[in-house]
1. Quick one: Debye curve from the C-alpha atoms of the chain, no solvent, what's log10 I(q)/I(0) at q = 0.11, 0.16 Å⁻¹?
2. When only C-alpha pairs under 8 Å and at least 6 residues apart count, what is the relative contact order of the chain, in percent?
3. List the lysines whose alpha-carbon lies under 18 Å from that of Lys257, not counting same-chain residues fewer than 8 positions away?
4. If contacts are Cα pairs under 8 angstrom and at least 6 residues apart, what is the relative contact order of the range 193-341 in percent?
5. Given Ala86, Ala100, Leu51, which one lies farthest toward the positive end of the charge dipole of the range 10-156, if we put +1 on the Cβ of every Lys and Arg and -1 on the Cβ of every Asp and Glu?
6. Does anyone have the angle between helix 217-229 and the longest principal axis of the chain? Alpha-carbon axes, 0 to 90°, nearest 10?
7. Excluding ligands, DNA and RNA, what is the solvent-accessible area per residue of the range 140-195 at a probe of 1.4 Å, expressed in Å²?
8. Okay, helix-only estimate at 222 nm for the chain: each DSSP H run of n ≥ 4 adds -39500 (n - 2.57), divide by all residues, round to 500 deg cm²/dmol; what do you get?
Amino acid sequence: MALLAIETSCDETSVAVVSDGQILANSVSTQIELHAEYGGVVPELATREHLRNLLPVAKAALSEAELGVEKLKAIAATRGPGLPPALMIGWRAAQATAYALNLPLIDINHIEAHLYSPWIKGGKSAANFEDFKPNISLIASGGHTQLVHVRGMLDHAILGGTLDDAAGECFDKIARLLGLAYPGGPELDRWSEKGNPAAYEFPRPLLNDSSDNFSFSGLKTSVRYFLEKNPKLKKDNDHLPDLCASAQAAIVEVLVKKTIRAAGREDVSCVTASGGVTCNRSLRAKLAAACEEQGISLHLASPQFCTDNAAMIGVLAEQKLKAGNEPSPVEADIQPGWALA
Ligand code: KG4
Ligand code: ZN
């Protein structure tokens with residue numbers, strides 16, 4: 001028996017089929033090109049695109065899983081947080097499907113799904129929960145940056161989060177200041193490759209603050225002021241790799257040091273990281289080096305499960321079913337502002 005999972009909280013339409021931790025299919029239709037000319041996600045366009053794509057994506061997932069709907073034991077979907085009209089498309093489709101097939105509907109918090117995504121193995125292999133250990137988890141995406149103490153399966157406490165911009169938002173805004181294409185994070189990562197991360201000194205906000213909170217808007221502002229004072233640098237592509245590498249180094253250093261410090265303080269021997277920013281090559285390398293130095297094991301979400309996907313929704317929903325969590329009432333509404341508790 002398998003579970004069908006739906007994710008439409010932002011600009012990815014995704015449907016997955018999951019069975020006992022195995023990802024039988026994870027079909028994703030991304031809208032990146034659609035939103036590129038606006039430099040950000042346009043909710044109205046995202047919603048129309050979800051509406052257009054959800055059925056073909058679901059059919060593709062069921063066909064890849066070689067499964068008919070009669071083999072489904074439950075339906076899961078992201079109920080929040082996310083863009084309200086975008087969430088509505090996937091959530092309402094899940095409600096209607098659960099009602100029509102008389103199946104339980106599992107409501108999933110999108111951030112909680114990112115939290116357990118580092119345990120999903122790539123390809124069609126099973127989620128790796130047999131290796132599960134209490135951990136400090138960094139969730140870094142376009143909308144969220146949080147440090148979480150995961151004490152056990154489905155048992156976690158929020159340690160801190162961003163006071164203003166998320167790490168991904170900071171990547172994207174700095175990339176835009178530097179004239180890079182949308183989405184900025186991956187572009188900035190790419191341009192950093194040949195740059196010197198010590199070429200320019202940008203601030204590391206809250207690095208030495210005793211809390212587990214982050215603040216990235218001042219860093220973006222300092223890059224803006226720097227470019228206003230040095231307009232020639234911006235126009236000259238020769239400086240772009242150094243500028244990108246230096247800005248990236250500031251974001252990555254804060255994320256890595258605060259994550260490792262929290263692991264030490266909570267006496268945890270495992271660190272995990274997830275969310276779109278965890279695709280960043282420097283963040284992956286620096287986290288790996290810091291964990292090795294401290295004798296901490298590291299589970300990074302594989303890049304295909306870092307960005308939004310329904311596989312992580314399905315994997316968490318199965319754990320909730322196993323734990324005996326109550327299904328969602330079929331008439332329940334979306335929760336666009338659902339914070340991870
Ligand atoms: O988790 P995600 O797909 O969507 C949200 O839930 O927000 O994360 C998207 C964010 C964007 O800000 C994007 O620029 C960033 O992740 N991102 C990256 C990289 N790949 C994606 N940031 C830095 N380096 C990357 N390689
Ligand atoms: Zn996400």
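1. Summing over Cα pairs of the chain leads to -0.70, -1.35.
2. Working: 732 pairs, mean separation 82.2, N = 341.
In percent, rounded to a whole number, it is 24.
3. Straight-distance partners of Lys257: Lys286.
4. Working: 134 pairs, mean separation 31.0, N = 149.
It comes to 21 percent, rounded to a whole number.
5. In the range 10-156, that residue is Ala100.
6. Long axis of 217-229 versus the principal axis of the chain: about 40 degrees.
7. 41 Å²
8. Values: 12 runs with 147 residues, N = 341.
That calculation yields -13500 deg cm²/dmol at 222 nm.
The values are calculated or read from the model by the stated rules, or taken from the named source; none is laboratory data. Predicted model, so just to flag it, every value in this text is computed and none were measured. Reconstructed Cβ throughout: ideal geometry from the backbone, glycine too, with neighbour counts over all protein chains shown. Calculation scope for accessible area: heavy atoms of the full protein, side chains included, ligands and nucleic acids excluded. Shrake-Rupley method; radii C 1.70, N 1.55, O 1.52, S 1.80 Å.
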